[in-house]
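The values are calculated or read from the model by the stated rules, or taken from the named source; none is laboratory data. Remember, predicted model here, so these are calculated numbers, not experimental data. Heads up, the Cβs are rebuilt from the backbone with ideal geometry, glycines too, and the neighbour counts pull from every protein chain shown. Ligands, DNA and RNA are stripped out before the accessible areas are found, and what is left, the full protein with its side chains, is counted by its heavy atoms. Shrake-Rupley method; radii C 1.70, N 1.55, O 1.52, S 1.80 Å.
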Amino acid sequence: MGIKGGVAPYTAEIADGQIATAYVDENNDIQISSIKLGSTSLMVKDADGRIIKIGLKVVNGKQSFSVNSVEAKITGIDESLLDEQQKEKLEAVIKKIKEEAGIQATGGIAFSYDQKSSGKVTIVTGKENAPKIEGSFSRSTSESGTTFQITINGKEYDCKFKLPERPDTSKSITTRDLGPIPYWLVEDVTEDYKSDVTDLFGINATSLKIERIYIGSFTPLR
């Protein structure tokens, strides 16, 4: 939050320091850090003693991924060596992988953070008359993308989100300015469908990798 008017230097103080903290940086911007959920107020004071009071509420951060389409990718097979009948069988396996996806188009995942990198997750499958699925999640980030470890009914799922490169995007533009961000959620389903492929082609399973890819958009954390 920036400051306009008044006389520098400025000071910033949170009425309830157990909910959030604040300070004024070298650019006269107010930096606010949340501690826990709740309502309090921010008070900014200038050198002449004038004070402005602003209501402040800390709520769970929210983030969501909306699925636009589902694709499947199989690596480890040289399709140039397949005849037409084998190609048709491979397409049938790909179709099966897409149709058996846990989330279909118009479905998605909603994350509600009650800690910095964890919270509750709700999955809308997009399947007709299917109820919402609820669980918990923890988040970790690396150079290869963001991973959400989702736990539902005691079973864990690792969901890797990959952000496409944006070489044409100005560094002065932040992700918040871009609106919904295109993403791919990549799910490794090799073990689930390995036999479908190896039984068809008799290939070496060690070179096989099968991925289900959800294509959609990820909203920035707010």
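If you scan the range 42-67, which residues turn out to be loosely packed, with under 15 Cβ neighbours inside 10 Å and over 23 Å from Thr122 (Cα atoms)?
Our first condition is that a residue be loosely packed, with under 15 Cβ neighbours inside 10 Å; within the range 42-67, this holds for 47-55, 57, 59-60, 62.
Scanning the range 42-67 gives Ala47, Asp48, Gly49, Arg50, Ile51, Ile52, Lys53, Ile54, Gly55, Lys57.
Do you know which residues across the range 1-32 are open to solvent by less than 40 Å² (accessible area, probe 1.4 Å), over 28 Å from the mean Cα position of the chain (by Cα) and under 22 Å from Val59 (Cβ atoms)?
Listed by number, the residues that qualify are Ala12, Ile14.
For the range 162-209, name all the residues that are modelled with pLDDT under 55, in a helix (DSSP H, G or I) and either open to solvent by less than 50 Å² (accessible area, probe 1.4 Å) or among the charged types (D, E, K, R) (or both).
Arg176, Asp177
What are the residues in the range 49-63 that are more than 17 Å from Asp114 (Cα to Cα) and outside any strand (DSSP E or B), if any?
Gly49, Arg50
I need a count of the residues in the range 109-128 that are part of a strand (DSSP E or B) and surrounded by 14 or more Cβ atoms within 10 Å (Cβ to Cβ). Steps first, please.
Keep residues of the range 109-128 that are part of a strand (DSSP E or B), which gives 109-115, 118-124.
Restricting the remaining residues to those that are surrounded by 14 or more Cβ atoms within 10 Å (Cβ to Cβ) gives 109-113, 118-124.
Total meeting the criteria: 12.
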